[in-house]
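Here is the structure we will look at.
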Amino acid sequence: MAQALAIQNLTMRFDGLTAVDHVDLSLQDKQIVSLIGPNGAGKTTLFNCVTGHYAPTEGTVHLGRDELLSGLPPHTIAKKGVVRTFQNIRLFPAMSAVENVMVGRHCRTRAGVLGALLGPPSVRREERAIRERARELLAFCGAAAYENQQARNLPYGAQRRLEIARALAAEPRILCLDEPAAGMNPRETAGLIALITAIRGLAITVFLIEHHMNVVMSISDRVAVMDHGVKIAEGTADQVQKDPVVIAAYLGEAVGNRL
Amino acid sequence: MTQTGDVSHVLRAPLARAAGWTAAFYLMVLPLMGPRRGLWVALAVLVVQALALAADRVSPASRERLAAALRGSGRFSAWMELRPAWVRTVAPPALLLALAAAGLGMSPYTLDVATNAGIYVLLALGLNIVVGMAGLLVLGYIAFSAVGAYTYAILNTQFHLSFWLALPLGGALAACFGLLLGLPTLRLRGDYLAIVTLGFGEITRITLNNWNSLTNGPNGILGIQPPSLFGFTFSQPKHYFYLLLAMVALAAFFSRRLERSRLGRAWVAMREDETAAESMGVPTLRLKLLAFTLAAFWGGVAGVLFASKQLFVSPESFNFLESVMVLCMVVLGGMGSVPGVILGAVLLAFLPEVLRGVAEYRLIVFGAAMVLLMQYRPQGIWPSSRRYEEFRQEA
Amino acid sequence: MIPGGEFFQQIVNGLTVGAVYALIALGYTMVYGIIELINFAHGEIYMIGAYIGTIAAALLLGAGVPAAAAIPLAIVAAAALTGFYGLSAERIAYRPLRKAGRLAPLISALGLSIFLQQYVLLAQGARDKVFPEEITSAGFTLGPVRVAFVQVLILGVAALLMVALQGFVRRTRMGRAMRCAAQDPVMASLVGVPVDRVIALTFIIGSALAAVAGVLVVMYYGKVNYLAGYTAGLKAFTAAVLGGIGNIPGAMVGGLFLGVVESLAAGYIGGEYKDVVAFVMLVVVLIVRPQGLLGVRVPDKI
């Protein structure tokens, strides 16, 4: 299987705080890899390094075998095929659901200023295609009912799915989901699991941060565990679940009132 | 007895506060306005507070309801946007024709005023691209207009450059300035960007004022040629009126097109959540630069038109107050809303005419209005319904 | 080339002007530090302080009070009344917009700035306001440099006030509250800091300092005009940014630095482009080192 993403020796330091400490992780094509760990372990920071919001202090991130991502700005990385969702949902609140997804198509379409001003048939075709694709994606993610409603008025579960639809619109090779199941009830969680499985069916590699253990256990091909910025374990869901180091990290945190 | 006792007890604190503020205001204005004029101010302060207190006692929610009424519900904008498509297609050309017809019957003076208003409308539409659509606050906008105006002035008086060539050239030169200024500064945070653009505006004015060999300094450049087309020279107010009408129509049309395009959508996304937009592959810095440069181009074009009408340019026409005026047209009309911005520009451009008698109070009322507007109707007169929603969620 | 006496003279003049910029800059930096607002109207506050001080001095001197008492009294009166202006500004134009995003308060500040400028124009007229007492240009010489007593006064008063402010901010309870609210207003209010009152106090102190600067300037140059607030305000803002916005010692350093650079530029390039120096420095600092000389870069949390 081809390598989709290679994180090598990734380190992120902020003024004395080492949030991510020499982490190595690689994702294979069409895998679903979950990143778990107690709060504050550095998972979202790792995501931010991968997606370009931070430039890592040390180490590299490569797409595929040799395309360097680290140091590039987020929009370039998104265009190369690494797209994310956010821990605290970041939709465009006053735009409608379908408009949100249409923005996701931006990096895959071309109409520029002249196209906007002159409005030739090719541009109008492109706009129609953008809208069609956006609706398809909304349907795929189960949010078609909310098409023209303002994003901020959507129920919570629908907002999460909308965020995923928007990310999919950018035609990612690697989809990074930051706690997509947060705040979901069991029924919504089951729907999410189905959605992520369907996404893998589209030949997209999924990189997942999650706290919901049943989501992690049921769909992950591989699980990596972080604690205090360090990768402390990696393996299949079963292996990780039984790893004493992992258990200590979680239970130790519980004793310290972290859970 | 207890009833009255209750009332006076409840009123004691607010009354004391009202008295305190009144006395404080009197003391504040006393040195500057003198004892008698200051008394008027103190009286006004007292009356305002008394009214507020009375309103609260009579009907506790009355002030909120008044504020809510002023703020509006966005229904007008939403209603407008839901009119059937044919209305929205037919209305602007109909309006255009009506204006063109009206122009035939206007006096030269009215035509002149209308033409000046038209130039302001152009400026406001240009600024709207960067402030309204892309959401960047720019404070020195008139500088781009100055570049366009002086380009035409210098090249026409020295090299007899034709007006029709100067239009794109002035715009292009202004756009270059915009690009040069934008490249290093557009990554700055909103308020810093505002100050930098203000600084740029001032640098431009001071340079124009002092570079005597190029710009003739504070005396300005005279003797600019009006536009001419196949031997026909634009010499009368009505010629300029129709020229401006055409330009405004073009600008409005282009603005509408931009709003509804992929570009316009990306700008809205950028405005609502820049980080999320970046993550979706929207190249925010590049798009900010694009908005900035487009706005600069348009400002330059307006400047060329201005110079060709005035036949004279001087640095004083391009001062900070002018920039503020154009910004207010955009804000007052409704940021990001093309009809709103046009309305705001027309209102503010005609205001000096309406307020002729009290001209010296024009600016102070203007300043006060800006402060009040932000509190009671920040979205402007005719906002786009989306902007209305954005403001509503911030409140 | 060894710098001649001309050079050191420019330095002394620059420091004097710089001290004034520093005093005004403190107001900008404190307000920005606590509510992240560029108080556009602050320049006008400075100008109003200058006017009030001048008028108060004229009144006192006219009533027969000796200059040595009248002038300090005038300064105190100006500081007090201008402090009130600052308080009112905060209450009327800024407090209602505390939660209204970034754009609305900025526009409100612009509007207030225009309002105040026009208010003084209407109340006092467009002509220069002249300081009632001819301030002696006597001084002493220090090698090639001539230092006027007035300059010493300005530098002395400014230094005194800045030290006092630092002491207040670092060592008193209220000062601690101010620093606390500047770092995290929500947290501060949760631990019992009266954030609204702290903000009001910030405005009062900043305005009072600007007023003192205003009176000192009128004494130095002999006159003031309703337009003075605009230029001085922008330059003082530049100084605040130079030193690191939100940073009190930074405002002091930035002010002095700007004053000296401007003075040298006026001496060597020419007076008309003097104002451009400040703006160019502003643009350069914001591009190259937006956190200023003493500021700290704070990364945004995603």
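The values are calculated or read from the model by the stated rules, or taken from the named source; none is laboratory data. Only a predicted model underlies this, so the values are computations on that prediction, with no experimental measurement involved. In this analysis, Cβ positions are derived from the backbone assuming ideal geometry, glycine residues included, and neighbour counts consider all displayed protein chains.
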Go through the stretch C:77-89 and give me each residue that's of a type outside the set (A, V, I, L, M), surrounded by 24 or more Cβ atoms within 10 Å (Cβ to Cβ) and within 11 Å of C:Ala41 (Cβ to Cβ).
C:Tyr85, C:Gly86
Restricting to the stretch B:21-45, count the residues that are more than 20 Å from C:Ile55 (Cα to Cα) and within 11 Å of another protein chain (Cβ to nearest Cβ).
2
Would you check if there is a residue in the stretch B:263-285 being in a helix (DSSP H, G or I), facing chain A (nearest Cβ under 7 Å), of a type in the set (A, V, I, L, M) and in contact (Cβ under 8 Å) with a residue 60 or more places away in the chain?
yes
Kindly indicate whether any position in the stretch B:300-321 is among the charged types (D, E, K, R), more than 13 Å from every other protein chain (Cβ to nearest Cβ) and more than 27 Å from C:Ile114 (Cα to Cα).
yes
Looking only at the stretch C:218-262, and only at residues there that are in contact with a helix residue (DSSP H, G or I) (Cβ under 7 Å, 6 or more places away or on another chain) and in a loop (DSSP other than H, G, I, E, B), the one that is modelled with the highest pLDDT
C:Tyr226
Would you mind finding the one in C:Pro66, C:Pro72 that is without any contact (Cβ under 8 Å) to a residue 24 or more places away in the chain and closer than 16 Å to C:Leu216 by Cβ?
C:Pro72
Given B:Glu316, B:Glu353, which one is in contact with a helix residue (DSSP H, G or I) (Cβ under 8 Å, 6 or more places away or on another chain), closer than 26 Å to C:Leu106 by Cβ and of a type in the set (Asp, Glu)?
B:Glu316
Hey, C:Ile205 away from chain B (no Cβ under 13 Å) and part of a helix (DSSP H, G or I) or not
yes
So, C:Ile52, is that one assigned to a helix (DSSP H, G or I) and without any contact (Cβ under 8 Å) to a residue 12 or more places away in the chain or not?
no
Look at C:Arg102 and say whether it is more than 7 Å from chain B (Cβ to nearest Cβ) and either touching a residue at least 12 places away in the same chain (Cβ under 8 Å) or of a type outside the set (A, V, I, L, M) (or both).
no
For the stretch A:90-148, name all the residues that are β-branched (Val, Ile, Thr), under 19 Å from the mean Cα position of the chain (by Cα) and facing chain B (nearest Cβ under 8 Å).
A:Val103
Is it fair to say B:Thr185 is in contact with a Phe, Trp or Tyr (Cβ under 9 Å, 6 or more places away or on another chain), within 9 Å of chain C (Cβ to nearest Cβ) and closer than 22 Å to C:Tyr28 by Cβ?
yes
What are the residue pairs meeting all of these: first residue in the stretch A:1-20, first residue within 11 Å of chain C (Cβ to nearest Cβ), second residue small (Gly, Ala, Ser) and surrounded by fewer than 22 Cβ atoms within 10 Å (Cβ to Cβ), Cβ atoms under 7 Å, and 6 or more apart or on different chains?
A:Met12/A:Ala19
Select from the stretch C:96-151 the residues that are assigned to a helix (DSSP H, G or I) and surrounded by fewer than 16 Cβ atoms within 10 Å (Cβ to Cβ) and list them in ascending order.
C:Phe149
Kindly check whether there is at least one residue in the stretch C:171-183 that is assigned to a loop (DSSP other than H, G, I, E, B) and out of contact with any Phe, Trp or Tyr (no Cβ under 6 Å at 6 or more places or on another chain).
yes
Pull up the stretch A:152-163, narrow it to residues that are surrounded by fewer than 24 Cβ atoms within 10 Å (Cβ to Cβ) and within 12 Å of chain B (Cβ to nearest Cβ), then point me to the one that is farthest from B:Met280 (Cα to Cα).
A:Asn153
For C:Ala213: the one exception among (1) in a helix (DSSP H, G or I); (2) within 12 Å of another protein chain (Cβ to nearest Cβ); (3) more than 30 Å from A:Gly16 (Cα to Cα):
(2)
Qualifying position, being farther than 30 Å from B:Phe350 by Cβ, at pLDDT below 95 and aliphatic (A, V, I, L, M), among B:Leu137, B:Leu173, B:Leu186
B:Leu186
Looking only at the stretch B:188-228, count every residue that is more than 13 Å from every other protein chain (Cβ to nearest Cβ), free of Cβ contacts under 8 Å to residues at least 40 places away in the same chain and not in a helix (DSSP H, G or I) and tell me the total.
1
Name every residue in the stretch B:326-361 that is among the aliphatic types (A, V, I, L, M), surrounded by fewer than 22 Cβ atoms within 10 Å (Cβ to Cβ) and either outside any helix (DSSP H, G or I) or within 13 Å of another protein chain (Cβ to nearest Cβ) (or both), in order of residue number.
B:Leu355, B:Val358, B:Ala359
Would you confirm, using the coordinates I've provided, whether C:Ile55 is farther than 30 Å from B:Leu139 by Cβ, modelled with pLDDT of 90 or more and of a type in the set (A, V, I, L, M)?
yes
Do you know which residues across the stretch C:13-54 are more than 17 Å from C:Ile248 (Cβ to Cβ) and of a type in the set (S, T, N, Q)?
C:Asn13, C:Thr16, C:Thr54
Kindly indicate whether any position in the stretch B:106-113 is in a helix (DSSP H, G or I), surrounded by 23 or more Cβ atoms within 10 Å (Cβ to Cβ) and over 23 Å from the mean Cα position of the chain (by Cα).
no
Any residue in the stretch A:165-189 that is farther than 23 Å from A:Arg105 by Cα and more than 14 Å from chain B (Cβ to nearest Cβ) sitting within a Cβ distance under 8 Å of a residue that is of a type in the set (Gly, Ala, Ser) and assigned to a loop (DSSP other than H, G, I, E, B)? List the pairs, counting only those 6 or more apart or interchain.
A:Glu188/A:Ala181; A:Thr189/A:Ala181
Cβ contacts < 6 Å: first residue more than 13 Å from C:Ile107 (Cβ to Cβ), restricted to the stretch B:328-343; second residue of a type in the set (D, E, K, R) and part of a helix (DSSP H, G or I), any location; separation 6+ or different chain. Result?
B:Gly336/B:Arg387; B:Val338/B:Arg256
Return the total of residues in the stretch C:116-149 being at the interface with chain B (Cβ under 9 Å from one of its Cβ atoms), hydrophobic (A, V, I, L, M, F, W, C) and touching a residue at least 60 places away in the same chain (Cβ under 8 Å).
3
I'm trying to understand the selection: among the residues of the stretch B:362-385, which are among the hydrophobic types (A, V, I, L, M, F, W, C) and away from chain C (no Cβ under 14 Å)?
B:Ile381, B:Trp382
Residue among C:Leu59, C:Leu26, C:Leu37, C:Leu81 that alone is of a type outside the set (Lys, Arg), more than 17 Å from C:Lys129 (Cβ to Cβ) and in a helix (DSSP H, G or I)
C:Leu26
Taking C:Glu272 as meeting all but one of (1) of a type in the set (Asp, Glu); (2) within 13 Å of chain B (Cβ to nearest Cβ); (3) surrounded by 22 or more Cβ atoms within 10 Å (Cβ to Cβ), write down the number of the exception.
(3)
